[in-house]
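The values are calculated or read from the model by the stated rules, or taken from the named source; none is laboratory data. Computed from a predicted structure; not experimentally measured. Virtual Cβ from ideal backbone geometry, glycine too; neighbours counted across all protein chains shown.
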Amino acid sequence: MYLSNSPNFADSAWHVFAAALIFILGACIALLQYRMFRVPQRLAIGLYFWHTIFCLYYLVYSQSNSADAVGYFINSQDFSEIPVLGTSAVTFLTALFTQGLKLSYGGVFLIFNIIGFIGMLALASVVLELTRGSSRYVRLLALIILLLPGLSFWSASIGKDALTFFAACLACWVSMDLIRRSPGMILAVLVMLVARPHMSAIMLMALSVTMIISGRGSVMTRVFLVPATITTAAYTLFFAQTYVGLESVDALTDFVEQLQAYNTEGGLGLDITSMSVPVRMLSYVYRPFFTDGGGLLGLVVSIESLIILLMTIAAVRLWFKRRKSALPGFTWWFLVTFSLISWLVLANTTANLGIAMRQKWMFMPMILILCFSYIGRPLANNQRTRN
């Protein structure tokens, strides 16, 4: 984490002009996305301006607080290495804009803002599809979810979070119609691979397991996917050994403990490492809560946590009542598999709630969509039961 020496939004006329062009590009994407995502143009424009407000807020915030965005920007200006997956690859991507296009700090922020916004469009597309024909209260809830400050704040800055949020939301959208949108899944996996390779491996495992469980494809295809799943798992272990430097089970244990030891201080740095696994997992997603403190930021996040918690309770209650999910079977299994594996892994390798606040958005879109698939069913179908 860098405590910023405050890179300026812009230092020249080119910086200002380029930033204006990038902002206009984002607005054009909002206007032209309808053929792909089917988000109404007025809503898309509103979401873009909303997302950009949080992008600019994060930019200002990073100039006086510890933020990874500053580090990526500074390191990209003289980056000349052969990039490897993870931090190096994201720094290389940033260097394409700082060295290649000579963009300023503000200009690069706006580029990542567009990446996160496209992810937001993909999420909005699925949520709107699931709530079409629902009561006005459910549709209002859908809008509130799309306007959650945490969603826009963490997906609008330079760094891995905008990329992983984009990849997660795109994967959700693609899974709704995998046959027609399959190139999008390849893109989602590749983007996730660049930013966080272990999450890309989890995505591949979730896809493989879902193909087997859901019965999608021929018998031969599913038989092929069994070794593919094993290969993916082996890749995950190989990556952990070579990239992180693990050589044994003891080394893996030490590595997890090291991850849990990072950043245990701070306003929202409530330590979750000493909690039991179930409590740790619940805390990872549904906290910080009002009793955890954290000032204004803590209050905002607590309200978000309450909304998501109430949505989850409502969805689980309907599931127990055997309400049928509005999602296709393949999509349901993929979202459940990816979110559960990610949730288990991240909750047990994360030090505190401050880190969890941003990292949970790698799988939170899946949980939100699963909730809406139960509470957002059209009114005429409310009495249908799950097969």
Open item on the list: Restricting to the range 86-121, count the residues that are hydrophobic (A, V, I, L, M, F, W, C), farther than 18 Å from Leu25 by Cβ and within 17 Å of the chain's Cα centre (by Cα).
Closed with: 1
Task: the range 122-138, subset of a type outside the set (Val, Ile, Thr) and within 17 Å of the chain's Cα centre (by Cα), residue surrounded by the fewest Cβ atoms within 10 Å (Cβ to Cβ) - done: Ser125
Open item on the list: Whether any residue in the range 46-63 is farther than 30 Å from Ile145 by Cβ and among the aliphatic types (A, V, I, L, M) is what I want to check.
Closed with: no
TODO: Hey, could you check the range 101-141 for residues that are polar (S, T, N, Q) and at pLDDT 95 or above and say which is nearest to Ala171 (Cα to Cα)?
DONE: Ser125
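Let's see how each residue does on (1) more than 17 Å from Ala142 (Cα to Cα); (2) at pLDDT 90 or above; (3) in contact with a Phe, Trp or Tyr (Cβ under 9 Å, 6 or more places away or on another chain); (4) of a type in the set (Ser, Thr, Tyr):
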position	(1), (2), (3), (4)
Met311	no, yes, yes, no
Leu318	yes, yes, yes, no
Thr331	yes, yes, no, yes
Leu344	yes, no, no, no
Thr349	yes, no, yes, yes
Gly354	yes, no, no, no
Ser373	no, yes, yes, yes
Ala380	yes, no, no, no
- [ ] State yes or no: is Ala122 among the hydrophobic types (A, V, I, L, M, F, W, C) and in contact with a Gly (Cβ under 9 Å, 6 or more places away or on another chain)?
- [x] yes
Open item on the list: Quick test for you: out of Ser339, Ser325, pick the one residue that is outside any helix (DSSP H, G or I) and buried (at least 18 other Cβ atoms within 10 Å of the Cβ).
Closed with: Ser325
Open item on the list: Let me spell it out: the conditions are (1) within 15 Å of the chain's Cα centre (by Cα); (2) at pLDDT 95 or above; (3) closer than 25 Å to Val16 by Cα; (4) of a type outside the set (Gly, Ala, Ser), and Trp154 meets all of them except one. Which number is the exception?
Closed with: (2)
TODO: Identify all residues within the range 58-70 that are surrounded by fewer than 20 Cβ atoms within 10 Å (Cβ to Cβ), touching a residue at least 60 places away in the same chain (Cβ under 8 Å) and over 19 Å from the mean Cα position of the chain (by Cα); write none if there are none.
DONE: Ser64, Asn65, Ser66
Task: Exclusive hit being within 21 Å of Val300 (Cα to Cα), surrounded by fewer than 22 Cβ atoms within 10 Å (Cβ to Cβ) and not aromatic (Phe, Trp, Tyr), set Leu148, Leu141 - done: Leu148
Open item on the list: For the range 168-187: of the residues being aliphatic (A, V, I, L, M), in contact (Cβ under 8 Å) with a residue 60 or more places away in the chain and surrounded by 24 or more Cβ atoms within 10 Å (Cβ to Cβ), which is nearest to Asp68 (Cα to Cα)?
Closed with: Ala168
TODO: Residue by residue through the range 347-376, note down the ones that are more than 13 Å from the chain's Cα centre (by Cα), closer than 26 Å to Asp68 by Cα and not polar (S, T, N, Q).
DONE: Ala347, Ala351, Leu353, Gly354, Ile355
Open item on the list: For the range 129-165, which positions are over 29 Å from Tyr105 (Cα atoms) and among the basic types (Lys, Arg)?
Closed with: Arg132, Arg136, Arg139
